[in-house]
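Each reported figure results from applying straightforward, stated rules to the coordinates on display, with no laboratory input. Quick caveat, the model's predicted, so the values are computed rather than measured. Cβ: placed from backbone, ideal geometry, glycine included. Neighbour counts: every protein chain shown.
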Amino acid sequence: MNWVILIIAGLFEVAFASCLGKVKETSGSVMYLWFAGFLISLTISMLLLIKATQTLPIGTAYAVWTGIGAVGTALMGIFFFKDPVSFWRIFFIVTLIGSVVGLKAVSH
């Protein structure tokens, strides 16, 4: 169950990074709404990470959480924020996914 909690925490990391990107693009009251979303997502992500690390090894949990956030944020950047796409960018995203899966596979 704590792996599921960790994955959800990683998805909230993607959410807070995406909200941060929207804060940069907006102004006025809309900007503050995205900032509120950032703070809420950040809080939920951290609380779920804390919960997951109560039974999972901290090094593995943190690396998986960060990996989910990095891959998810890179993909959000490509699909929603018009970040550049190149062979090497996709190659390293796939490599990162393989590393996260590998860490989960070797954890006990």
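For the structure I just gave you, tell me whether A61 is touching a helix residue (DSSP H, G or I) at 6+ places or on another chain (Cβ under 6 Å), in contact (Cβ under 8 Å) with a residue 24 or more places away in the chain and small (G, A, S).
So A61 passes the test.
Quick check on my filter: what residues within the range 68-103 are under 13 Å from V14 (Cβ atoms), loosely packed, with under 13 Cβ neighbours inside 10 Å and free of Cβ contacts under 8 Å to residues at least 60 places away in the same chain?
Result: F79, single match.
From (1) in a helix (DSSP H, G or I); (2) of a type in the set (S, T, Y); (3) in contact (Cβ under 8 Å) with a residue 12 or more places away in the chain, pick out the condition that doesn't hold for T55.
The one condition T55 does not meet is (1).
Would you check which residues across the range 21-67 are closer than 12 Å to L11 by Cα and touching a Cys at 6+ places or on another chain (Cβ under 7 Å) and list them?
Answer for the range 21-67, where residues must be closer than 12 Å to L11 by Cα and touching a Cys at 6+ places or on another chain (Cβ under 7 Å): just S41.
Check T53, T43 and return the single one that is polar (S, T, N, Q) and exposed (fewer than 15 other Cβ atoms within 10 Å of the Cβ). Can you show your working first?
Details: T53 fails: exposed (fewer than 15 other Cβ atoms within 10 Å of the Cβ).
Going through T53, T43 in turn, just one is polar (S, T, N, Q) and exposed (fewer than 15 other Cβ atoms within 10 Å of the Cβ): T43.
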